[in-house]
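One structure follows; several queries about it will come next.
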Amino acid sequence: RKEVEQDPGPFNVPEGATVAFNCTYSNSASQSFFWYRQDCRKEPKLLMSVYSSGNEDGRFTAQLNRASQYISLLIRDSKLSDSATYLCVVTPDSSASKIIFGSGTRLSIRP
Amino acid sequence: EAGVAQSPRYKIIEKRQSVAFWCNPISGHATLYWYQQILGQGPKLLIQFQNNGVVDDSQLPKDRFSAERLKGVDSTLKIQPAKLEDSAVYLCASSLINTYNSPLHFGNGTRLTVT
């Protein structure tokens, strides 16, 4: 089993729709979680951290489910500019070593 | 604030040749990472430095890859000799401190093609 797994997609949704995808992790002792966004042929950029209590940033909501060992990202009222690959990132322990990236979920928003 | 600088932007070499990449992290960032990203995959950590010391190089193919960060600032990653499967984007990232909740800032990457 991979340490961090994501559905590669692509998710193809119409503009204005709500879309959600999950990321599962295998190490129950994992400490911190992030979502990064990567546009085609660009570098990854931090989208948001994922806190135990869940967090929201505008149209984006991130949740952590420790019992089932997954994190989720929900995008409401999707925009064409949301088209990108979304990378799940997990840090297994309290140090920043062995930061693990998922393979990414590709999202395409159509007009 | 200037971002992470990487060069070159693109490199095409033949197999068995050598290549070197350079990275200058954000000023004041103590932690520097080199990642390899193969098309369709997520970035894979090659090596992590804390100042000029190596924190993690467990996934670095040491028979052909080497990296250094001699003065704790900029860093070079070298491949010698290159193989076809080394074709990838090599991303450098830095973070302010070496804690689990410190976000990574990536450079534009170097796209390597080995023919």
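Provide the net charge surrounding A:TYR51, with neighbours chosen by a C-beta distance below 14 Å and charges set as Lys +1, Arg +1, Asp -1, Glu -1.
Working: positive: A:ARG66; negative: A:GLU56, A:ASP57.
Result for the local shell: -1.
Going by amide H atoms built from the backbone, whose H comes under 5 Å of the H on B:GLY42, apart from near neighbours?
Those lying under 5 Å, H to H, from B:GLY42 are A:SER103.
Percent of Cα-Cα pairs more than 33 Å apart in the protein assembly as shown, please.
On the way: 4282 of 25425 pairs.
Taking all Cα-Cα pairs of the protein assembly as shown, the fraction more than 33 Å apart is 17 percent.
Hey, in the protein assembly as shown, which Cys have no second cysteine's beta-carbon closer than 4.7 Å?
A:CYS40
Another one. In whole Hz, with x marking every Gly and Pro, tabulate ³J(HN,Hα) for the range B:78-87 from phi via Karplus 6.51 cos²θ - 1.76 cosθ + 1.60, θ = phi - 60°.
10, 10, 7, x, 7, 10, 4, 6, 7, 4
For peptide B:56-67, compute the average count of partner chain beta-carbon atoms within 10 Å of each residue's beta-carbon.
Details: counts 5, 0, 2, 1, 0, 0, 0, 0, 0, 0, 0, 0.
Partner-chain Cβ atoms within 10 Å, mean over residues of B:56-67: 1.
How many nm is it between the label spots at A:TYR51 and B:THR115, if each spot is 7 Å from the Cα in line with the beta carbon?
Computed distance between label sites A:TYR51 and B:THR115 equals 5.2 nm.
In addition: Would you kindly derive the ³J(HN,Hα) couplings of the range B:49-61 from the backbone phi angles with the Karplus curve 6.51 cos²θ - 1.76 cosθ + 1.60 (θ = phi - 60°), listing them in order in whole Hz, with x for Gly and Pro?
Coupling constants for the range B:49-61: 10, 10, 6, 9, x, 7, 8, 8, 9, 5, 9, 8, x Hz.
How high is the FRET efficiency from A:SER81 to B:SER27, r the C-beta distance, R0 25 Å, rounded to 0.05? Could you put the intermediate results ahead of the total?
Values: r = 30 Å, r/R0 = 1.20.
It comes out at approximately 0.25.
Using a 10 angstrom cutoff on alpha carbons, build the Gaussian network for chain A and name the most mobile of A:ARG76, A:ARG59, A:ARG37.
Sorting by GNM fluctuation, first place goes to A:ARG59.
Tell me, what ³J(HN,Hα) does each residue in the range A:73-87 have, in order and in whole Hz, if you take phi through Karplus 6.51 cos²θ - 1.76 cosθ + 1.60 with θ = phi - 60° and put x for Gly and Pro?
10, 10, 10, 9, 6, 4, 10, 4, 6, 7, 4, 4, 9, 10, 9
Next up: Pop a pseudo-label 7 angstrom from the Cα along the beta-carbon direction at both A:SER26 and A:ASN12 and give the gap in nm to one decimal.
Distance between the two pseudo-spin positions: 3.2 nm.
For A:GLU15, which sequence-distant residues (separation of 5 or more, or a different chain) have an amide H within less than 5 Å of its own amide H, given hydrogens modelled in the peptide plane?
Those lying under 5 Å, H to H, from A:GLU15 are A:ARG110.
Given a 1.4 Å probe and heavy atoms of the protein chains only, how would you sort A:ARG41, A:ARG110, largest accessible area at the top?
Working: A:ARG41 150, A:ARG110 105 Å².
Largest accessible area first, the residues go A:ARG41, A:ARG110.
What is the mean projected area of the alpha carbon convex hull for the range A:24-111, to one decimal in square nanometres? Intermediate results must be reported in sequence, preceding the final value.
Working: hull surface 24.3 nm².
About 6.1 nm², averaged over all directions.
Would you mind pulling out the separation of the Cα centroids of the range A:29-75 and the range B:1-77, in Å?
Their Cα centres are 25 Å away from one another.
The values are calculated or read from the model by the stated rules, or taken from the named source; none is laboratory data. Just so we're clear, the structure is a prediction, and the values are computed from it rather than from any experiment. Because the Cβ atoms are built from the backbone with ideal geometry, glycine has one as well, and the counts that use them run over all protein chains shown. Note: areas computed on protein heavy atoms with side chains; ligands, DNA, RNA excluded. Shrake-Rupley method; radii C 1.70, N 1.55, O 1.52, S 1.80 Å.
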